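Computed from the coordinates by the stated procedures, all read-outs in this text should not be read as laboratory data. Quick caveat, the model's predicted, so the values are computed rather than measured. Ideal geometry is used to build each Cβ from the backbone, glycine not excepted, and the neighbour counts take in all protein chains shown.
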Amino acid sequence: NAGVTQTPKFQVLKTGQSMTLQCAQDMNHNSMYWYRQDPGMGLRLIYYSASEGTTDKGEVPNGYNVSRLNKREFSLRLESAAPSQTSVYFCASWYTEAFFGQGTRLTVV
Amino acid sequence: RKEVEQDPGPFNVPEGATVAFNCTYSNSASQSFFWYRQDCRKEPKLLMSVYSSGNEDGRFTAQLNRASQYISLLIRDSKLSDSATYLCVVRVGNQFYFGTGTSLTVIP
């Protein structure tokens, strides 16, 4: 039972490069979320998807796009990475509680 | 104003001590409340949900005061393994809001 699987675990990008963070859950949850975590800021919501086919902006959506590919998968894309996007990214799926992926440590240089 | 506010600490306590964390939330329409634990460089994991009647799980007790809009977590007989960051989480509709976390270090 894998829960939430998030890839990659680490990534270094140059400013202006693009990348997609992948997330998949095997718990049949409707709701999936992308957060970023920065020191002193806590977890901040980037985007969420309440159900397959829907996505909504969270607190800090600028510079990101998402795709809810199907019920299992919810990806996060950085089209043109900036140093301000250096962070730890967590994907989560929620039902009565949240289950998190292991995180992606992204550095933009 | 932040949706959820926590004292960031750090709290440094000796083994066996009792320690309490508080958290306040701003939205009176908040529906569900949780405490999560996060170890260094790991993902958050559910410690316990918080109910209006209060709930206890071993050495951990969580309380919710809706009138004052605060949530508390009490840890009794602290263990070294309790060292972590404790996150207060509040659900409003489809959105979940996290506090910045309270850091706890239990000292031998």
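List the lysines whose Cα lies under 23 Å from the Cα of B:K42, skipping any in the same chain that are fewer than 8 positions away.
Here the lysines satisfying the reach criterion relative to B:K42 are A:K9, B:K79.
State which entries of A:K57/B:K2; B:K2/B:K45; A:K14/B:K2 exceed 25 angstrom in Cα-Cα distance in the structure shown.
Numbers: A:K57/B:K2 17 Å; B:K2/B:K45 22 Å; A:K14/B:K2 32 Å.
Pairs exceeding 25 Å: A:K14/B:K2.
How many percent of DSSP beta bridges within the stretch B:10-108 run antiparallel, rounded to 5? Numbers along the way, then the final one.
Numbers: 34 of 38 bridges.
Around 90 percent of the beta bridges assigned by DSSP in the stretch B:10-108 are antiparallel ones.
For the charge dipole of chain A, defined by +1 on Lys and Arg C-beta atoms and -1 on Asp and Glu C-beta atoms about the Cα centroid, which residue among A:M19, A:Y64, A:S49 has the Cα displaced farthest towards the positive pole?
Most positive-ward Cα: A:M19.
Testing the spin-label approximation: label points 7 Å from Cα along Cα→Cβ at A:Q22 and B:S52. State their distance in nm.
My value for the distance between the label points is 4.5 nm.
Just how far, in whole angstrom, is the stretch B:31-82 from the stretch A:30-109 if you go by their alpha carbon centroids?
Using only Cα atoms to place each centre, the spacing works out to 24 Å.
Taking the Cβ of B:G99 as the centre, find all other residues whose Cβ is under 15 Å away and add up their charges (Lys, Arg: +1; Asp, Glu: -1). Could the numbers behind the result be given before it?
Details: positive: A:R44, B:R1, B:K2, B:R37, B:R91; negative: A:D38, A:E59, B:E3, B:E5, B:D7.
Spelling it out: positives minus negatives among the neighbours equals 0.
To the nearest 20 debye, what is the magnitude of the charge dipole of chain A about its Cα centre, counting +1 on the Cβ of each Lys and Arg and -1 on the Cβ of each Asp and Glu?
240 debye
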